[in-house]
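Accompanying notes for the structure given below.
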Amino acid sequence: MARTWLSIRVELVSGHGADLWPRPGRVFAAARSHSFARLASAIDLAFARWDLAHLHLFTLSDAARVSPLDWWDGEAPDGTVDGHVTKLSRLEAGEQFAYVFDMGDAWAHLCTVAEKRIDPLEELGEVPDRPVPYWGWGSLPVQYARRWDGDDGESPMPKRPARGLSDLPPILPWWGEHRRGCLHVAYTKWPSVGNRSDREWENQLAAGTSLSPFGAAARAALIAQAAAPGSCAATCATTAAWPAA
């Protein structure tokens, strides 16, 4: 596929009354035919927002404003164009623009269009129907600054379990009262088998599929890792339950 897609770097500058540094960021692949509303949705999800019932507004380099007009109930800023129909083809290479989510907490982002276009097949392995992040960095702030369920800004933080993960059900080998070895050490370090990237291992595990065609080799790598000095012999038994190729 030709290099026709935009690469848009988005950095979170401030929000909830604080400026962020270093600024967390994501880089998005987006077709010029995608709408600004779709880019907004992709940004909000990539920056871990769960309450999406808020207004948002793009401000372009020429001071033009873009936002879904039906959300404003007739009170959109003068000159605002509809984000549902305005396409990203309006953007120029190298252009910088701003995106603000939630007019109250004002999560403000600096967006920069890369000088060169990209091929989504090269970056993503597919051609998605919406903007998709393909690179990122930084720690993301919680949307409402809640550190735990029930955090009201005054209550004390819940006490951590005395024995690590002992409060969890024993669904995974390293959860629960009786932890079964150290598989979590090996499990979080994807085996170096074949030419698979971390993303490929993560996608396949998330999909609940087998590790084939490298399943047997992956199990062997984990078992070998478990047999290394300082590991737990019990881990070897748990790896036997991994799916075969």
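Read-outs: derived from the displayed coordinates by stated rules, not from any lab. Quick caveat, the model's predicted, so the values are computed rather than measured. FYI the Cβ positions are ideal-geometry reconstructions off the backbone, even for glycines, and counts take in every protein chain you see.
Values for this structure:
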read-out: Using θ = phi - 60° and Karplus 6.51 cos²θ - 1.76 cosθ + 1.60, couplings along the range 156-168 (whole Hz; Gly, Pro as x); value: x, 5, x, 6, 6, x, 4, 10, x, 9, 5, 7, 8
read-out: Descending semi-axes in Å of the range 124-183, equivalent ellipsoid built from Cα gyration tensor; value: 32, 24, 10
read-out: The range 6-136 - percent relative contact order, Cα under 8 Å, separation 6 or more; value: 38 percent
read-out: Neighbour-count ranking [beta-carbon atoms within 10 angstrom, fewest first] of K87, K116, K159; value: K159, K116, K87
read-out: Principal axis dimensions, largest first and in whole angstrom, of the range 6-136 by Cα; value: 41, 32, 27
read-out: Extreme residue, positive dipole direction of the range 15-121, given options A31, I118, L57 (C-beta unit charges); value: I118
read-out: Length added when fully stretched, R23-D78, from 0.36 nm per residue minus Cα-Cα; value: 16.7 nm
read-out: Counted charge near H34, where neighbours are those whose Cβ lies closer than 12 Å (Asp, Glu -1; Lys, Arg +1); value: +4
read-out: In sequence order, calculated HN-Hα J values of the range 108-114 (Karplus, 6.51, -1.76, 1.60; Hz; x Gly/Pro); value: 9, 10, 9, 10, 10, 7, 5
read-out: Distance in nm between pseudo-label sites at S155 and S89 (7 Å out along the Cβ direction from Cα); value: 5.2 nm
